[in-house]
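Read the structure below first, then the notes.
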Amino acid sequence: MRVRALRQINLRNLVTERLVFEDGVTAVVGPNAAGKSNLLAAIALGAGGSLASGTILASLRFGADEGYVRLDLETGDGSRTVEIALAPGRKTIRLDGQVVRVAELARVGGVVRVGPEDADLVHGPPARRRAFLDDLLARSSLRYALLVRAYHRVVEQRNALLKTPAAASSLPVWDDRFVELGREVEGLRARALSTLAPRAAAAYESIAGSPSDFAITLDRSHDEDDLAAALAASRAEERSRGVTVVGPHRDDLLLSLAGRSVQAYGSRGEARTAALALRVAEFEVLEARHGTPPLLLLDDVHAELDGRRRAFLAGLAARTPQAIVTGTEPPARYDRIWYVDEGRITTEHGPPGEASAGDAPPRLPDGA
């Protein structure tokens, strides 16, 4: 997938309203807090519908109460347009002019973002690793996106019920649905790991430059052979705590080297290599799923990585049809360079697109 043009209004500190992109590696250079990460967040929002900051308000320019992003994309299925309008409590997504759910953007293509926050893939909480796997699965399968959403709704209903006196009589109504959806989530996650794990292991060896027994395994929240048995065995604990204590929403991904936990015992370098290997495996899974390489976004990673890992990422960017690389200094290899300062993006010859006339945000387009 390639991005051909971006239009944004009121996204964080970005001032430049429209940018036109080309193939190859585009380097975006500027000081810290200049807007480099905000540019990549705008692209990722348009490509996948996800907010890097987690909330709509935090994604908007300070003082603004609405925003807009449009991406013109070239995919394996031809040209596509994604528009996303943001307002308090509302995110409206249009694909080629039709309102769609965020899960339906999975059929458009793919984008992989590598950044300093990837350290959380190793040292962060289990929820961070679950989110990584679920997000990758959702972008590969609309069915999975809808399935995991339905599963989490059932968990919320059970948790609410467990806090009421009616739990004993009403829980069986939700238990059957919980087990049905949970088993399917577990099965699809296991199948996904059978594809993801060997790709990550191969990537780890390539990055490290030596044979490495890197493995990813699913650490389930229960020791029972079946989710129904685990649910029955946990009944007393969940009633005491008022939450559902077993199920896919409590699982984790274990990352290991030669059987040793990277989370618990890995060095800083091993942890960085493990996180990067996960992103490379994500890239390859999406490439296989869509039949074309995803858009690659490298966010200020060169300051955090040593020469070997920087060289590996440079090689990955070079063989990708389109990559956008940010940093305070240019990378070793690039096809063009843009400069960003206080949200305004320029080249040595002028703006790489259409810039707004001043810092005042323009009006949103009609119908956004």
Positive-end extreme of charge dipole, the stretch 93-216 - chosen from Phe178, Ala127, Thr195 (charges on Cβ): Phe178
Added length on full extension, which subtracts the Cα-Cα distance from 0.36 nm per residue, Asp219 to Asp65: 51.3 nm
Net length gained if the chain between Glu180 and Arg101 were fully extended (0.36 nm per residue, minus Cα distance): 26.1 nm
Longest site-free stretch - the chain; sites: trypsin sites (Lys or Arg not before Pro), DSSP loop, at most 15 other Cβ within 10 Å: 164-318
Residues Ser206 and Val243, FRET efficiency given R0 of 45 Å [Cβ-Cβ distance, rounded to 0.05]: 0.60
Size of electric dipole in the chain: Cβ of Lys, Arg +1 and of Asp, Glu -1, about Cα centre, debye, nearest 20: 360
Mean-position separation - Cα centroids, the stretch 1-57 and the stretch 99-173, in angstrom: 25
For the stretch 1-108: rounded, prolate or oblate by the Cα gyration tensor [a/c cutoff 1.5]: oblate
The chain: most fluctuating residue of Gly48, Gly109, Gly266 per GNM, C-alpha cutoff 10 Å: Gly266
Full-extension gain in nm, Ala233 to Thr347, via 0.36 nm per residue minus C-alpha separation: 34.7 nm
Residue (of Ala230, Val245, Ala277) at the positive-pole extreme of the stretch 229-361, dipole from beta-carbon charges: Ala230
Helical contribution to [θ] at 222 nm, DSSP H n ≥ 4, -39,500 (n - 2.57), averaged over the chain, rounded to 500: -13500 deg cm²/dmol
Relative contact order %, the stretch 71-167, counting alpha carbon pairs below 8 Å whose residues are six or more apart: 17
Within a Gaussian network of the chain (alpha carbon springs, distance under 10 Å), most fluctuating of Ala228, Ala106, Ala145: Ala228
Protection proxy ranking of 38-45, 22-29 - average other beta-carbon atoms within 10 Å, highest first: 38-45, 22-29
Inter-label distance, nm, simple model (7 Å from Cα along the C-beta direction), Ala166/Ser261: 4.1
Contact order normalised by residue count of the stretch 80-229, Cα under 8 Å, 6+ apart, percent: 14
Estimated FRET transfer efficiency (Arg333, Val20; beta-carbon r; R0 22 Å; 0.05): 0.55
Helix runs (DSSP H) in the chain reaching 15 Å along axis by Cα, Kyte-Doolittle at least 0.0: 36-48, 142-162, 167-208, 307-318
Nitroxide proxy distance, nm - points 7 Å out along Cα→Cβ at Arg191 and Val173: 3.2
Percent breakdown of C-alpha pair distances by 10 Å bin, ordered from the shortest bin, for the stretch 163-253: 14, 38, 23, 15, 8, 2
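FYI, it's all coordinate maths here, none of it is from the lab. The model shown is predicted, which means the values in this text are computed figures rather than measured ones. Note that each Cβ is placed from the backbone with ideal geometry, even for glycine, and that neighbours are counted across all protein chains shown.
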